[in-house]
Amino acid sequence: MARVTENETVSTTADILAVAREQVLEHGRGLDERQLLEVLELPDDRLEELLALAHAVRERWCGPEVEVEGIVSVKTGGCPEDCHFCSQSGQFTSPVRSAWLDIPSLVEAAKETAATGASEFCIVAAVRGPDRKLMAQMREG
């Protein structure tokens, strides 16, 4: 395997996961765009190896601690954004239909999340940004 110097990227003639292991774990440098594409093109039978490397990177740079967060969607579907990949966009025919979570259900979800020991509770909405209607709904709760 080729060795990485301070400002050099390893050639992809070596296995990309071996390269990533050395470059990221040993030298603390992220992968460049070409290398990331190589990782994304790995065959499915390499997924476990990739996940093991991702776990090693997280432990190396973030430690063993993990924050547990709860997430709930207060508004699902019907988003005005035109994100070509997102099934919540109102721009596309999708089985996801616009639905609002009522405030009592939202409060119950927050209580259930707290009971699990989660340190964070996130409320998301499929919208461009918080409008008056959404903010009024949140204030009512």
Computed E for ARG60/HIS84 - FRET, C-beta separation, R0 30 angstrom, nearest 0.05: 0.30
Kirkwood hydrodynamic radius of segment 60-141, Cα pairs, Å: 14.5
Relative contact order (%) - the chain, alpha-carbon pairs under 8 angstrom, separation at least six: 20
Solvent exposure of segment 23-140 as accessible area per residue, Å², 1.4 Å probe: 72
Share of Cα-Cα pairs in the chain lying beyond 25 Å, as whole percent: 55
Stokes-Einstein diffusion coefficient of segment 20-85, Kirkwood radius over Cα pairs, 10 °C, 1.306 mPa s, in µm²/s: 105
With every protein chain in place, the chain: carbon and sulfur % of accessible area (1.4 Å): 55
Estimated dipole of the chain in Debye, rounded to 20 [Cβ of Lys and Arg +1, of Asp and Glu -1, Cα centre]: 680
Per-residue SASA entry for LEU40, accessible area with 1.4 Å probe, Å² rounded to 10: 140
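The values are calculated or read from the model by the stated rules, or taken from the named source; none is laboratory data. Predicted model, so just to flag it, every value in this text is computed and none were measured. Backbone-built Cβ (ideal geometry, glycine too); neighbour counts: all protein chains shown. With ligands, DNA and RNA removed, areas are computed over all heavy atoms of the protein, side chains included. Shrake-Rupley method; radii C 1.70, N 1.55, O 1.52, S 1.80 Å.
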